[in-house]
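The values are calculated or read from the model by the stated rules, or taken from the named source; none is laboratory data. Being a predicted model, the structure only gives us computed values, none of them experimental. As a convention, Cβ positions derive from the backbone with ideal geometry for all residues, glycine included, and neighbour counts pool all protein chains shown.
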Amino acid sequence: MTIKDWWGQALGTFKADEPFRNLSNFQGKRFTVDISIFLNMFLQSDVNKLALMSSPPYPCPDLMQSVMDFHSKISKVIHPVYVFDGVAPNVKDGTKAYRASIQNRDGKFYLDQVLIAKEDSDYVFSSDDISKATFARMKMSHPTSLDHANVLRWMKREGIECYRSLLKRTNT
């Protein structure tokens, strides 16, 4: 069983009425939580995605609230220990490139519209083009380092046990 399978079985779906009911078997135990997985799962609302679309991006308000709610519920049953990813090792470069290609594919219409705007500053976009481009851009959204930093700052302020991995790649 992978950790992803375990979380799926323990929590069920987040749409369930009582998603934390199965955790009672683990009452009081410490569990490591890769916060990146949950940040990506919680990044669903349009408010969050629009915040990420701005330039520069703003912290995602609904994302932060979702993390706070998640911690409040889960910490009633288990003792979560949160881990924040650092810089990915070289071995993960292929995975990162694959994920970036998916994001670029999903956001192709948006990226095409950006090129049109850069090449012709007088071009007038239709409301349909703007709507499609906005939808495509929102599909490219993912939590930023700013979102990770906000969650980390909140956890440290609240005295929640959390750890960061290395911030830089090393050659060793």
(message) Out of everything in region 114-147 that is surrounded by 10 or more Cβ atoms within 10 Å (Cβ to Cβ) and among the basic types (Lys, Arg), what residue ends up being farthest from Asn40 (Cα to Cα)?
(response) Lys132
(message) Let me spell it out: the conditions are (1) in a helix (DSSP H, G or I); (2) of a type in the set (A, V, I, L, M); (3) without any contact (Cβ under 8 Å) to a residue 40 or more places away in the chain, and Val124 meets all of them except one. Which number is the exception?
(response) (1)
(request) Give region 80-102 a look and list any residue that's surrounded by 14 or more Cβ atoms within 10 Å (Cβ to Cβ) and not hydroxyl-bearing (Ser, Thr, Tyr), or say none. (result) Pro80, Val83, Phe84, Asp85
(request) Read through the list (1) of a type in the set (Phe, Trp, Tyr); (2) touching a residue at least 24 places away in the same chain (Cβ under 8 Å); (3) touching a helix residue (DSSP H, G or I) at 6+ places or on another chain (Cβ under 6 Å), then give the number of the only condition that Tyr163 fails. (result) (3)
(request) For region 123-156, name all the residues that are of a type in the set (Asp, Glu) and over 30 Å from Val81 (Cα atoms). (result) Asp128, Asp129
(request) Report whether or not Tyr110 is in contact with a strand residue (DSSP E or B) (Cβ under 9 Å, 6 or more places away or on another chain) and among the aromatic types (Phe, Trp, Tyr). (result) no
(request) Of all residues in region 22-80, count the ones that are small (Gly, Ala, Ser), part of a helix (DSSP H, G or I), more than 19 Å from Tyr163 (Cβ to Cβ) and at pLDDT below 85. (result) 2
(message) Of everything in region 110-134, what is at pLDDT 85 or above, touching a helix residue (DSSP H, G or I) at 6+ places or on another chain (Cβ under 6 Å) and among the aromatic types (Phe, Trp, Tyr)? Give them in sequence order.
(response) Tyr123
(message) One residue is enough: does region 106-113 have a residue meeting the conditions farther than 30 Å from Gly28 by Cβ, without any contact (Cβ under 8 Å) to a residue 60 or more places away in the chain, small (Gly, Ala, Ser) and surrounded by 13 or more Cβ atoms within 10 Å (Cβ to Cβ)?
(response) yes
(request) Look through region 81-92, keep the residues that are assigned to a strand (DSSP E or B) and closer than 14 Å to Ser36 by Cβ, and return whichever of them is modelled with the highest pLDDT. (result) Tyr82
